[in-house]
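The values are calculated or read from the model by the stated rules, or taken from the named source; none is laboratory data. Since the structure is predicted, the reported quantities are computational estimates derived from the model, not experimental observations. Cβ coordinates were reconstructed from backbone atoms using ideal geometry, including for glycine residues, and neighbour counts include every protein chain displayed.
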Amino acid sequence: MGCLERNQMKQRLPSLLAIRYFEAVGRNLSFTLAANELNVTQAAVSHQVRLLEQELDVKLFTRLHQRIELTEKGLELLEVSAECFEKLADVTNSISKGKRTSRIHLSVSPLISTHVLMARIGEFLDAEKDTEVIIHHSLAPPNEREAPYDIKIFFSRTIISNESFEFVLQDKLIPMCIPALWRKNKGESPGNFLKQTGVVHEFDYQWWESWCEQTGVDKNIVRRGLALDDPSVLLNAALLGRGVILGSKRFLADRLRAGELIAPMGEQDGVDIYYYLCTNKTQRRRDITKLSAWLRSAITDLRHE
């Protein structure tokens, strides 16, 4: 390749600094978060992205009132630049014979964290020693207001038809309590039993109201009692005899088998919930792909237990 040809290739490449700043903004979908990550001012990031847009003569972001979105061209450039930066990091890591720790932000519900991750995440970390997994607890479906994530597992009360969301698990919430509560009120109708024992809610009345709709029990009966915002505290409240909870048939199966809890109204009537896995579309890193595959495998094992 001659000098002229090399110079022409060089002229076609934009500033590497501008690309780096753009990649951080595109990955975080935030100028503020990108600036924090790069340890520079937000003004510096905005300036570099603006220069890049001017140089390419194309709009990379759509700037809305309180958020930004990648344009079609911006998404195309982000996918390529993210892949190039990962390859560059791999090469420099290999040359220097150093170790580069990758960081994955994983958003999951507390139940998934307790019963899947805490029990088995060591398997993944032992196999991927240069990977750090940051776990964020969230009950919300993917939305524009939450912190950026690389992988997210969330639940829905209804089946979702969306190619971006991969179905991984179905569960059912059923009434559970300690055996002593049932012995005191054995033979009562479901409505009278709940009146006598009381109920414990997770966050609000919606779960119990949904159960009442399915079973024909008066909703007013369950519109009272404790309301807790932590599944582990909810379980503890049930074990201490504070009332009847709507517990996970799948994740609390061991408690039922051990006789610590019972399902006084049977295991058939319950509130179905569906778990889905999704990944950040702007991330195509190998470590994220590996963790996603491991999560699928771990959840598949859970389904077969």
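Of all residues in region 124-135, those that are closer than 14 Å to Thr101 by Cβ have Cβ atoms under 7 Å from Cβ atoms of residues that are of a type in the set (Asp, Glu) and in a helix (DSSP H, G or I), 6 or more apart or on another chain, in Glu128/Asp287; Thr131/Asp287. Scanning region 267-281 for residues that are surrounded by 18 or more Cβ atoms within 10 Å (Cβ to Cβ) and either assigned to a strand (DSSP E or B) or among the β-branched types (Val, Ile, Thr) (or both) yields Val271, Ile273, Tyr275, Tyr276, Leu277, Cys278, Thr279.
Scan region 221-232 and give yes if some residue there is acidic (Asp, Glu) and either outside the structural domain of Asn185 (by TED's automatic domain parsing) or more than 19 Å from Arg183 (Cβ to Cβ) (or both), otherwise no.
Applying the first criterion (acidic (Asp, Glu)) to region 221-232 yields 229-230.
Still in the running and either outside the structural domain of Asn185 (by TED's automatic domain parsing) or more than 19 Å from Arg183 (Cβ to Cβ) (or both): 229-230.
Yes, that holds for at least one residue.
Kindly indicate whether Leu111 is at pLDDT below 85, over 17 Å from Thr289 (Cβ atoms), within 12 Å of the chain's Cα centre (by Cα) and not assigned by TED's automatic domain parsing to the domain that holds Phe251. Considered against the rule, which asks whether it is at pLDDT below 85, over 17 Å from Thr289 (Cβ atoms), within 12 Å of the chain's Cα centre (by Cα) and not assigned by TED's automatic domain parsing to the domain that holds Phe251, Leu111 comes out as no. Is it the case that region 132-149 has a residue that's of a type outside the set (D, E, K, R), in contact with a helix residue (DSSP H, G or I) (Cβ under 6 Å, 6 or more places away or on another chain) and over 30 Å from Thr32 (Cα atoms)? No, every residue in region 132-149 fails to be of a type outside the set (D, E, K, R), in contact with a helix residue (DSSP H, G or I) (Cβ under 6 Å, 6 or more places away or on another chain) and over 30 Å from Thr32 (Cα atoms). Met118 falls short on exactly one of the conditions (1) within 30 Å of Pro231 (Cβ to Cβ); (2) in contact (Cβ under 8 Å) with a residue 12 or more places away in the chain, and that condition is (2).
What number of residues within region 203-221 are acidic (Asp, Glu) and not in a helix (DSSP H, G or I)? Please lay out each step first, then the result.
Going residue by residue through region 203-221, those that are acidic (Asp, Glu) are 204, 209, 213, 218.
Add one more test, that the residue is not in a helix (DSSP H, G or I), and what stays is 204, 218.
Looking only at that region, the number is 2.
Within region 148-173, residues that are assigned to a loop (DSSP other than H, G, I, E, B) reach partners that are surrounded by 12 or more Cβ atoms within 10 Å (Cβ to Cβ) and of a type in the set (S, T, N, Q) with beta carbons closer than 6 Å, at six or more positions or on different chains, in the pairs Pro148/Asn28; Tyr149/Ser107; Asp150/Asn280; Asp150/Gln283. Can you name every residue in region 178-220 that is more than 21 Å from Asp272 (Cα to Cα), surrounded by 13 or more Cβ atoms within 10 Å (Cβ to Cβ) and of a type in the set (A, V, I, L, M, F, W, C)? Scanning region 178-220 gives Ile178, Leu181, Trp182, Phe193. Among the numbered conditions (1) part of a loop (DSSP other than H, G, I, E, B); (2) over 29 Å from the mean Cα position of the chain (by Cα); (3) not β-branched (Val, Ile, Thr), the only one that Lys195 does not meet is (1). Looking at the structure I just gave you, is Asn143 surrounded by fewer than 17 Cβ atoms within 10 Å (Cβ to Cβ), within 30 Å of Gln268 (Cβ to Cβ) and polar (S, T, N, Q)? Spelling it out, it is not the case that Asn143 is surrounded by fewer than 17 Cβ atoms within 10 Å (Cβ to Cβ), within 30 Å of Gln268 (Cβ to Cβ) and polar (S, T, N, Q).
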